[in-house]
Amino acid sequence: MNVSPARISERQMQAIWYDAALRPRQLTTNRGSAITVISPGEWNLGAGPDFKNAVLEVGAAHRRVEGDVELHLCPADWDFHGHGADPNYRNVVAHVTWEPGRVPKSLPEQSLSIWLGRFVTSETLDALSRIDLRAYPYARLPSGVCLCESSIGHDPKAARRVLRMAGQHRLRMKARRLAGRIGAAAGNRSQVYYEEIMTALGYRKNAVQFRHVAERVPIADLPQENASARAALLVAGSFEEWDRSSCRPNNSPERRLESAADVFTTTATMDLADESDFSARTCRRMIKTMCGEHCMGKGKAAAVLANVIAPFALAEGRLQTVPEWLPPEDISMPIRLMAFRLFGSEHDASIYSGNGLLLQGLIQIQRDYCIKNHPECEECPLPTKVAGPVMKGKVRLGVAGGEDDT
């Protein structure tokens, strides 16, 4: 049965916007300015706008617009869903709707309004009715030439070599930053280590807030009794403005603070600051130590090991070289999607999924190359660095010093 305009779903709209084979070539804003979709953005499977980091060109002057895109069946859904008061939607640069209607006053000032439905043909709707929507976003990628896929996407050994070099660079960069912090701490290395672990436990959205809590309740003042430690961290956390987007009750900032108290009062995680053996067996033991009685998951413990404990050992010279293998952390949606674009939709994820160092390499490449150059992959310098020399293991990735976060 063909999809009719009256029965289209937001998921189908997302497929139309994302897939160049479905998206109308001629688009305009509601005010008549021509729109060229350079990149539809990254399909967001979490909370917030439907697509992140889209790139559009507007009007005859090809004014470049970069930001997020939100899709709705009708314009009024913007206010109905409460997006106007949600800070996660402040960077929306295009509000795309299936039906026409009055533009919501609470849209961000820079946001373009696009009535998509009027440009979609019956042929597109017929094609849409035959598509398996479960293929999005991983099995179907937006159009654009990805030179990395042709260079290393079909060569697992070359792919691992590139990821290993990027991962090594990432850990050395973290070690340099930590060495500076340790040197400035006037001998209080334990506080530096504690703050770094707290930052990691805050995840990306609340990393800064968790660091502030660690500064308010130094490790030297953290009560050794579990209930008292929980109370101390919760009181310190009450002064913070938390990012609660896509936050389940069991994973709230308060619950994470309680878990952090459990880590520092019921496990020997602080003792791992003196570790010098990073063999596979010892790494697994460290993961078990941090997890304790379910204080944190194995994936998060692996992230702490890669982002804090190993770089800390490198910074202090207890670890001379970056380990060839680290326990794998959980793979986030942006990293998974980036891997599909880097290596192709048919690639074997086991290339990197079992090695935390290679996952660190994926993260570094995404932040130093893909975010900066996407969607102009043809202008990205990475493929020229890996196309030939990497096959012989002689390439040195000149990865730019990007942001160092967990």
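The values are calculated or read from the model by the stated rules, or taken from the named source; none is laboratory data. Every value quoted in this text rests on a predicted model; they were computed, and no experiment measured them. Glycine also receives a Cβ, built like all others from the backbone with ideal geometry; neighbour counts cover every protein chain displayed. For accessibility, only protein heavy atoms count, side chains too; no ligands or nucleic acids. Shrake-Rupley method; radii C 1.70, N 1.55, O 1.52, S 1.80 Å.
Here residue 285 does not qualify as at pLDDT below 95 and either under 19 Å from residue 156 (Cβ atoms) or over 26 Å from the mean Cα position of the chain (by Cα) (or both). Quick check: anything in the stretch 322-330 under 23 Å from residue 189 (Cα atoms) and modelled with pLDDT of 95 or more? Within the stretch 322-330, one or more residues are under 23 Å from residue 189 (Cα atoms) and modelled with pLDDT of 95 or more. Taking the conditions exactly as written (assigned to a loop (DSSP other than H, G, I, E, B), out of contact with any Ser or Thr (no Cβ under 6 Å at 6 or more places or on another chain), open to solvent by 20 Å² or more (accessible area, probe 1.4 Å) and of a type outside the set (Ser, Thr, Tyr)), does residue 176 satisfy them or not? When the stated conditions are applied, residue 176 does not pass them.
Taken over the stretch 276-291, the residue count meeting the criterion of being under 22 Å from residue 224 (Cα atoms) and either open to solvent by 20 Å² or more (accessible area, probe 1.4 Å) or in contact with a strand residue (DSSP E or B) (Cβ under 6 Å, 6 or more places away or on another chain) (or both) is 2.
Can you tell me which of 58, 92, 65, 96 is under 19 Å from residue 19 (Cβ atoms) and of a type outside the set (Ser, Thr, Tyr)? So the residue among 58, 92, 65, 96 that is under 19 Å from residue 19 (Cβ atoms) and of a type outside the set (Ser, Thr, Tyr) is 96. With the requirement that a residue be within 26 Å of the chain's Cα centre (by Cα) and either on the phi > 0 side of the Ramachandran plot or hydrophobic (A, V, I, L, M, F, W, C) (or both), what does the stretch 95-122 give you? Hits for the stretch 95-122 are 96, 107, 112. Do we find a residue being closer than 15 Å to residue 114 by Cα and surrounded by fewer than 21 Cβ atoms within 10 Å (Cβ to Cβ) anywhere in the stretch 42-49? The answer is no; no qualifying residue exists. Scanning the stretch 204-230 for residues that are open to solvent by 40 Å² or more (accessible area, probe 1.4 Å), free of Cβ contacts under 8 Å to residues at least 24 places away in the same chain and not in a loop (DSSP other than H, G, I, E, B) yields 208, 211, 215, 216, 227, 228.
Yes/no per residue for (1) over 19 Å from the mean Cα position of the chain (by Cα); (2) not acidic (Asp, Glu):
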| site | (1), (2) |
| --- | --- |
| 210 | no, yes |
| 218 | yes, yes |
| 228 | yes, yes |
| 241 | yes, no |
